[in-house]
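In what follows, a structure is listed as structure tokens, so that the remarks can point back to it.
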Amino acid sequence: MASTDITSDRKRPDGAAGPVDTKPDDLAGLEAGLDALDAVQIRRTPVREVLLRKVLPPVVAVTLVLVVWELLVRAQVTEVYKLPPPSAVWDSAREMWLKGTLLEVVWTSVSRGLLGFLLAVAIGTPLGLLVARVKLVRAAIGPILSGLQSLPSVAWVAPAVIWLGLNDQMMFAVILLGAVPSIANGLVSGVDQVPPLILRAGRTLGATGIRGTWHIVLPAALPGYLAGLKQGWAFSWRSLMAAEIIASSPELGLGLGQLLENGRSNFDMPGVFLSILLILFVGIAIDLLIFSPLERWVLRSRGLLVKN
């Protein structure tokens, strides 16, 4: 078979006009250059760099907060019973640890929060898909979900206590009413941002109905869905703390919200600050251990994050 020369009307290297042969090596080099534009450089980050970039900044920030806190106490900007020193908060935590109640209190709230969040995911996910894919349902329920998302979760505590009593079911009801709208709206937003071309391609390949939802819609809407899950957890945790602070009963056990309320009732400011720090610590830990890895995985799978 005769080979076909690829020519161009560019000038030859000697300056004369006329066609110039484009060698296959040039085309191969061009292809390699284009491929290199999409290539992601993969390297393993040294431990020292990880410590400097990810561990050191928060440690320095916490240290600065503690230093400023101690300076304010020493400067006597207010009474000690209003602003206790960090050492008093540490002593309160140490006392609870020695009694064996610190981890128990934390686990009581964390277990409730995680179970309530999982229930919210199980309800909010199909609800979000239904609202996103059925126009009539969106017109009927969409505005209600948006309104519920903006409603403070603490507003549900009083009716939940009247309806269900002082028990775990009341806690879960408050969590669901706070978290489900956020999860559903996040998924709706993610589905709305899926390019129509992807949906048409899926239908062309036979991915329709439940199969299309599972293999096409959900993976394409994953970034928005993950954002809704993250916000849903924040609403779950806030709702639970509001319920534990307002509704107290021996049957409910001692959680972080109730610990905070007990500190307020007993004018125990070290206990109040300890409760606030523990609530903050749990929120940060869940984000770092669950949602941050998920976000990195989603970005990496879409070529938006360099794999270290």
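The values are calculated or read from the model by the stated rules, or taken from the named source; none is laboratory data. Note that the coordinates shown come from a computational prediction; the quantities given were computed from them, not determined experimentally. Here Cβ is always computed from backbone atoms with ideal geometry, including for glycine, and neighbour counts include all displayed protein chains. The accessibility values were calculated without ligands, DNA or RNA, using every heavy atom of the protein model including side chains. Shrake-Rupley method; radii C 1.70, N 1.55, O 1.52, S 1.80 Å.
If you take the beta carbon distance between Arg133 and Phe267 as r and set R0 to 51 Å, what does 1/(1 + (r/R0)^6) give as a FRET efficiency, to the nearest 0.05?
Result of the calculation: an efficiency of 0.40.
For Glu295, Glu251, write out the residues from largest to smallest accessible area, computed with a 1.4 angstrom probe and no ligands counted.
Glu251, Glu295
If you rank Ile175, Ile210, Ile198, Ile216 by how much accessible surface each has, with a 1.4 Å probe, what is the order from largest down?
Ile210, Ile198, Ile216, Ile175
Taking 7 Å along the Cα-to-C-beta vector as the label spot, tell me the Glu70-Leu83 distance in nanometres, rounded to one decimal.
In this crude spin-label approximation the distance works out to 1.6 nm.
Name the shape class, rounded, prolate or oblate, that the alpha-carbon gyration tensor gives for the range 57-141, where a ≥ b ≥ c are the square roots of its eigenvalues, rounded holds for a/c under 1.5, and otherwise prolate holds if a/b is larger than b/c and oblate otherwise.
prolate
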